[in-house]
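Bear in mind that the values in this text are calculations on the coordinates, not laboratory data. Here the structure is a predicted model, which is why all the values come from computation and not from measurement. In this analysis, Cβ positions are derived from the backbone assuming ideal geometry, glycine residues included, and neighbour counts consider all displayed protein chains.
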Amino acid sequence: MAVVAEPYFVPPRDSWVGDIDGSVTIITQGAAGSPPFAKVEKGQGYVAALLGGLWIVGVYFSPNRPLAEFESFLVRLGALVEQGQPHPAIVAGDFNATSVVWGSPVTNARGRVLEEWAISVGLAVLNRGSVDTCVRHNGGSIVDLSFGSPAVARRV
């Protein structure tokens, strides 16, 4: 399973499920015996699916949108995490938020809000280390993040 933010293309295949505007997708290997997607939920910047007993949520939030929209987005995301219960959850994607909690050298406003949100919905940061996840000609950042419920976090 993989979560891909800003994919070039989301093909119409059973092993791919994307959000409503093509900004994030969840992909499975599609091999014989792989569990199918179940209970799929889609919105702008998020897609969620039950996959083999795990509630997987893929996320993309543009860096060009304001903090108030990010906060509203996280409220919807929190409800989506709850919707997947009692299944353990993985929330992964490009949040365009930085925090020392997940290895960034600085914490920005989005990072502080995201830290508080993760605690409030009972998710732990799964990222380890301080390697940039987004690398561009003018520098890099750690904005691609993974969070997990306690049952998932114990296994990482």
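Of the chain, which part is the longest with no trypsin sites (Lys or Arg not before Pro) in a loop (DSSP not H, G, I, E, B) and with at most 16 other C-beta atoms within 10 angstrom? The reported range is 14-127.
Counting only Cα atoms, segment 2-153 measures 43, 35, 29 Å along its principal axes, largest extent leading. Pairing the Cα long axis of helix 109-120 with the longest principal axis of the chain, what angle in degrees results, from 0 to 90 and rounded to the nearest 10? Compared with the principal axis, the helix lies near 50 degrees. Of all the options Thr98, Thr25, Thr107, the one that moves most in a Gaussian network model of the chain with Cα springs shorter than 10 angstrom is Thr107. Among Val152, Val57, Val100, whose Cα projects farthest towards the positive end of the dipole of segment 2-153, with charges put on the beta-carbon of Lys, Arg (+1) and Asp, Glu (-1)? Going by the charge dipole, the pick is Val152. Does anyone have the angle between helix 67-83 and the longest principal axis of the chain? Alpha-carbon axes, 0 to 90°, nearest 10? Relative to the chain, helix 67-83 is tipped by roughly 30 degrees.
Between Val75 and Phe9, the contour length at 0.36 nm per residue exceeds the Cα-Cα span by 21.0 nm.
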